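Participant: A single structure is presented below for examination.
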Amino acid sequence: MRIDVITIFPHYLAPLRESLLGRARDKGLLEVAVHDLRDWTHDRHRTVDDTPYGGGAGMVMRPEPWGEALDTVVPAGEKARLIVPTPAGEVFTQAMAHELAAEQRLVFACGRYEGIDARVVEEAATRMPVTEISLGDYVLNGGEVAVLVIVEAVGRLLPGVVGNPESLVEESHADGLLEYPVYTKPASWRDRDVPPILLSGDHGRIARWRRDQALARTAARRPDLLAALAPEALSTADRTV
Ligand code: SAM
């Protein structure tokens, strides 16, 4: 997969060189290019913002540098999906991460100030698919942190990025449930014992216990997730506990 990020703070994206994603880049599983939006300005001050039409507080990102940046990063004839982080977007989920992981190329446009002039998304949508994504119902200072989150969630789903692909199957949100609690050695720590069933070696009972825990945790913490599960998925879950 190829990822391009357009931002006025290129250094903000440095963590994309760390850990699993850094190794994925070294192995050629993921290619990331970070671009400075100011490279597409033409004035001495490299201006990317201006006052909002209609008045009001704050500044808005001007459309011209964005238009030129997108024309350069995605020239006519090339295919890419544009992702625009914004609190007004669709809320990011694991299902969306899987959908994006199936793309060949993603381009991220990081807003700052009061956001990007609305015509940029309108115009870009005439030549490439555009998805506006929100991390959640709160406001960040810029799109860079959202890009770090989305790229990490998407990148770890790419084949070969996570060493053991099994670990992607059992984790939270993979099957619509939160993951069961996990434990490691020692078996007893500060008078707290690991649930004895996990030491039993009975894989069938352990699997049923884990499913039971996942259901109970999801019901207690995120009943909305249980409500959203297809009835067949829930009845399968019921049969296994
Ligand atoms: N004035 C905008 C509004 O009220 O919707 C908020 C602008 S915010 C200060 C600046 C930038 O941060 C946005 O353009 C977007 O790129 C990013 N941002 C802020 N909150 C976000 C969220 N919840 N999800 C994704 N991106 C967000």
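Participant: Which residues, counting only those in segment 65-93, are loosely packed, with under 15 Cβ neighbours inside 10 Å and either assigned to a loop (DSSP other than H, G, I, E, B) or not hydrophobic (A, V, I, L, M, F, W, C) (or both)? Spell out the reasoning first.
Facilitator: So in segment 65-93, the residues loosely packed, with under 15 Cβ neighbours inside 10 Å come out as 71-72, 75-79, 88, 90-91, 93.
Passing the criteria: ASP71, THR72, PRO75, ALA76, GLY77, GLU78, LYS79, GLU90, THR93.
Participant: Quick one: count up the residues across segment 77-102 that are more than 16 Å from the ligand (Cβ to nearest atom), of a type outside the set (A, V, I, L, M, F, W, C) and under 18 Å from ASP4 (Cβ atoms).
Facilitator: Final tally of qualifying residues: 4.
Participant: Please determine, by comparing only the residues of segment 115-124 that are more than 6 Å from the ligand (Cβ to nearest atom) and part of a loop (DSSP other than H, G, I, E, B), which one is surrounded by the most Cβ atoms within 10 Å (Cβ to Cβ).
Facilitator: ASP117
Participant: Somewhere in segment 154-176, is a residue touching a residue at least 40 places away in the same chain (Cβ under 8 Å), within 16 Å of the ligand (Cβ to nearest atom) and assigned to a helix (DSSP H, G or I)?
Facilitator: Checking segment 154-176: at least one residue is touching a residue at least 40 places away in the same chain (Cβ under 8 Å), within 16 Å of the ligand (Cβ to nearest atom) and assigned to a helix (DSSP H, G or I).
Participant: Hey, any hits in segment 81-90 for a residue that's among the aliphatic types (A, V, I, L, M), touching a Leu at 6+ places or on another chain (Cβ under 6 Å) and either farther than 19 Å from LEU21 by Cα or assigned by TED's automatic domain parsing to the domain that holds ALA24 (or both)?
Facilitator: First, pick out the residues of segment 81-90 that are among the aliphatic types (A, V, I, L, M): 82-84, 88.
Retained after the next criterion (residues that are touching a Leu at 6+ places or on another chain (Cβ under 6 Å)): 83.
Imposing the further condition that a residue be either farther than 19 Å from LEU21 by Cα or assigned by TED's automatic domain parsing to the domain that holds ALA24 (or both) reduces the set to 83.
Scanning segment 81-90 turns up at least one residue that is among the aliphatic types (A, V, I, L, M), touching a Leu at 6+ places or on another chain (Cβ under 6 Å) and either farther than 19 Å from LEU21 by Cα or assigned by TED's automatic domain parsing to the domain that holds ALA24 (or both).
Participant: Between ASP50, ASP4, ASP71, which is touching a Lys or Arg at 6+ places or on another chain (Cβ under 6 Å) and not basic (Lys, Arg)? Outline the logic, then answer.
Facilitator: Working: ASP4 fails: touching a Lys or Arg at 6+ places or on another chain (Cβ under 6 Å); ASP71 fails: touching a Lys or Arg at 6+ places or on another chain (Cβ under 6 Å).
From the options ASP50, ASP4, ASP71, the qualifying one is ASP50.
Participant: Test ARG112 against the stated conditions and say whether it is away from the ligand (no atom under 15 Å from the Cβ), closer than 30 Å to ASP71 by Cβ and in a loop (DSSP other than H, G, I, E, B).
Facilitator: Taking the combined requirement at face value, the residue does not satisfy it.
Participant: Another question about this same structure. Only one residue in ALA97, ALA101, ALA88, ALA69 is in contact with a His (Cβ under 7 Å, 6 or more places away or on another chain) and within 27 Å of GLU152 (Cβ to Cβ). Which one?
Facilitator: Testing whether each residue is in contact with a His (Cβ under 7 Å, 6 or more places away or on another chain) and within 27 Å of GLU152 (Cβ to Cβ) leaves just ALA69.
Participant: Residues being assigned to a loop (DSSP other than H, G, I, E, B) and either closer than 22 Å to LEU21 by Cβ or away from the ligand (no atom under 16 Å from the Cβ) (or both): count how many of those fall in segment 125-153.
Facilitator: So the count comes out to 10.
The values are calculated or read from the model by the stated rules, or taken from the named source; none is laboratory data. In this text the structure is predicted, and so the values were computed from the model without any measurement. Glycine gets a Cβ as well: all are built from the backbone with ideal geometry, and neighbour counts include every protein chain shown.
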